[in-house]
Amino acid sequence: MLDPRTRARLADAGAAVSEQVPLSDFTTLRLGGPARYLAECSSTSSLIDVVRILDEQGVPLLLLAGGSNLVIGDDGFDGVVVRIATTGVDVHDDHVRADAGAGWDEVVAATVDAGFGGLECLSGIPGSAGATPVQNVGAYGVEVGSVLRRVRLLDRRTGQDEWVGPGALGLGYRTSVLKHTDTAVVLEVELDLRSDGTSAPLAYRELAVALGAAEGERRPAAEVREHVLALRRSKGMVLDAGDHDTWSAGSFFTNPVVPDDRLPGVLAAIAARVGEDVRIPQFPAEGGTKLSAGWLIERAGFAKGFPDADAPARLSTKHTLALTNRGEASTADLVALARRVRDGVEDAFGVRLHPEPVTVNCTV
Ligand SMILES: Cc1cc2nc3c(=O)[nH]c(=O)nc-3n(C[C@H](O)[C@H](O)[C@H](O)COP(=O)(O)OP(=O)(O)OC[C@H]3O[C@@H](n4cnc5c(N)ncnc54)[C@H](O)[C@@H]3O)c2cc1C
């Protein structure tokens with residue numbers, strides 16, 4: 001598929017090109033068949049040149065960084081997987097600039113270690129800095145969009161390389177104009193920091209309780225980071241090669257937003273199943289009311305660890321919302337589990353769950 005001349009141009013652009021590479025080695029789920037080609041780019045200029053060359057030739061291309069939000073089919077990807085392997089991180093007085101490929105938690109740690117606040121609630125999220133705007137990553141009451149100063153984008157339609165503000169990204173709940181589209185590559189990000197070293201106001205009850213603080217209070221960023229990491233570890237949400245509960249793509253389903261006209265029917269269906277006196281977690285959201293996907297899954301009959309210890313793919317034993325590979329699963333196993341859970345919730349409550357990760361050559 002790659003003619004020798006194009007392959008030589010990729011090498012000249014600084015990419016390390018290999019063939020028939022198992023993508024399971026590059027995803028946190030440890031799933032995914034082979035990439036026909038893998039082109040690893042360890043400098044931003046090489047990344048730009050490689051994407052421009054492939055787009056010019058019309059070669060199918062998949063961007064991959066940390067592989068922590070990707071579900072890739074067992075047949076792999078019949079094109080070029082461009083692995084973003086840049087690493088630079090520079091902490092300045094009131095902001096940090098990071099290459100797209102820099103490990104996100106390394107960015108957070110570098111800012112906290114240098115005495116700055118702002119990013120601590122996003123500690124422990126796997127993957128790269130460049131992917132954080134793609135789905136507007138968020139945790140413990142903070143979304144990256146609230147601290148994003150600007151993003152350097154390579155526009156794949158025009159070939160232009162320019163910095164844009166967060167307003168150009170259409171950031172929403174686990175989404176942006178970059179997700180599920182091939183329009184642009186994030187090359188670098190810049191994020192605002194608090195120079196007094198205090199955290200963002202605590203906006204998540206569980207975290208505030210763990211810190212012995214009130215919601216809305218600020219605490220030293222280093223202390224908040226420590227508690228966030230501890231909470232995340234207790235839910236299997238920090239990568240650990242020895243713990244299959246972390247062989248996941250994080251939360252598999254987004255929290256569903258139910259439109260106002262459908263809400264009474266959904267709440268009635270939930271109450272009929274769980275009892276009138278049980279409090280249903282619900283939060284106001286754009287377009288309706290947000291329900292908790294994890295809570296719905298559990299109440300629909302899928303407990304942590306579902307279906308059982310022998311299943312190749314099962315719900316995490318620490319967190320209902322994470323679908324995990326126990327070591328021998330295929331993507332087909334994981335997708336079958338995802339469908340079973342999604343359909344079970346829909347049958348029980350009339351609410352359809354949607355996957356949060358990006359699926360490639362597979363459909364949930
Ligand atoms: C254990 C665990 C916990 C998690 N917890 C959270 C959480 O708390 N909050 C949260 O929001 N997410 C969470 N996630 C999901 C995931 O970590 C984030 O979405 C992360 O930002 C993905 O980064 P990545 O580099 O691994 O992206 P990848 O998986 O490599 O790519 C994801 C998508 O982004 C595209 N992409 C990657 N880099 C770029 C780029 N530079 N430019 C353009 N497109 C690009 C890819 O093509 C793909 O479509 C979790 C995942 C795991 C495994």
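Can you tell me how many residues within segment 143-162 are open to solvent by less than 70 Å² (accessible area, probe 1.4 Å) and more than 21 Å from the chain's Cα centre (by Cα)?
Matching residues across segment 143-162 total 4.
Under 8 Å between Cβ atoms, which residue pairs at least 6 apart in sequence (or on different chains) link something in segment 81-99 that is closer than 22 Å to VAL50 by Cα and in a strand (DSSP E or B) with a partner that is more than 16 Å from the ligand (Cβ to nearest atom) and open to solvent by 60 Å² or more (accessible area, probe 1.4 Å)?
ALA98/ASP90
Looking at ALA222, ALA200, ALA213, ALA208, can you tell me which residue is outside the structural domain of GLU356 (by TED's automatic domain parsing), open to solvent by 50 Å² or more (accessible area, probe 1.4 Å) and either outside any strand (DSSP E or B) or near the ligand (Cβ under 9 Å from one of its atoms) (or both)?
Result: ALA222 is the single residue among ALA222, ALA200, ALA213, ALA208 that is outside the structural domain of GLU356 (by TED's automatic domain parsing), open to solvent by 50 Å² or more (accessible area, probe 1.4 Å) and either outside any strand (DSSP E or B) or near the ligand (Cβ under 9 Å from one of its atoms) (or both).
State the number of residues belonging to segment 242-284 that are open to solvent by less than 70 Å² (accessible area, probe 1.4 Å) and either among the charged types (D, E, K, R) or under 30 Å from ASP105 (Cβ atoms) (or both).
So the answer is 16.
Do we have any residue at all in segment 130-140 that's assigned to a helix (DSSP H, G or I) and either open to solvent by less than 40 Å² (accessible area, probe 1.4 Å) or in contact with an Asp or Glu (Cβ under 7 Å, 6 or more places away or on another chain) (or both)?
No, the conditions are met nowhere in segment 130-140.
Has segment 181-191 got at least one residue that is surrounded by fewer than 16 Cβ atoms within 10 Å (Cβ to Cβ) and closer than 27 Å to LEU334 by Cβ?
Yes, segment 181-191 contains a residue that is surrounded by fewer than 16 Cβ atoms within 10 Å (Cβ to Cβ) and closer than 27 Å to LEU334 by Cβ.
Pull out all pairs, ordered by first then second residue, where Cβ-Cβ is under 8 Å, the residues are six or more apart or on different chains, the first lies in segment 338-364 and is more than 20 Å from TRP295 (Cβ to Cβ) and within 16 Å of the ligand (Cβ to nearest atom), and the second is open to solvent by 20 Å² or more (accessible area, probe 1.4 Å) and aromatic (Phe, Trp, Tyr).
VAL360/PHE77; ASN361/PHE77
How many residues are open to solvent by 20 Å² or more (accessible area, probe 1.4 Å), within 12 Å of the ligand (Cβ to nearest atom) and assigned to a loop (DSSP other than H, G, I, E, B) if we restrict to segment 12-38?
Number of matching residues: 1.
Quick check: anything in segment 199-215 over 25 Å from PHE283 (Cα atoms) and at pLDDT 95 or above?
Taking every residue of segment 199-215 in turn, none turns out to be over 25 Å from PHE283 (Cα atoms) and at pLDDT 95 or above.
The values are calculated or read from the model by the stated rules, or taken from the named source; none is laboratory data. If you're wondering where the values come from, they're calculated on a predicted model, not measured in any experiment. Virtual Cβ from ideal backbone geometry, glycine too; neighbours counted across all protein chains shown. Side chains are part of the model used for accessible areas, which takes the heavy atoms of the whole protein and leaves out ligands, DNA and RNA. Shrake-Rupley method; radii C 1.70, N 1.55, O 1.52, S 1.80 Å.
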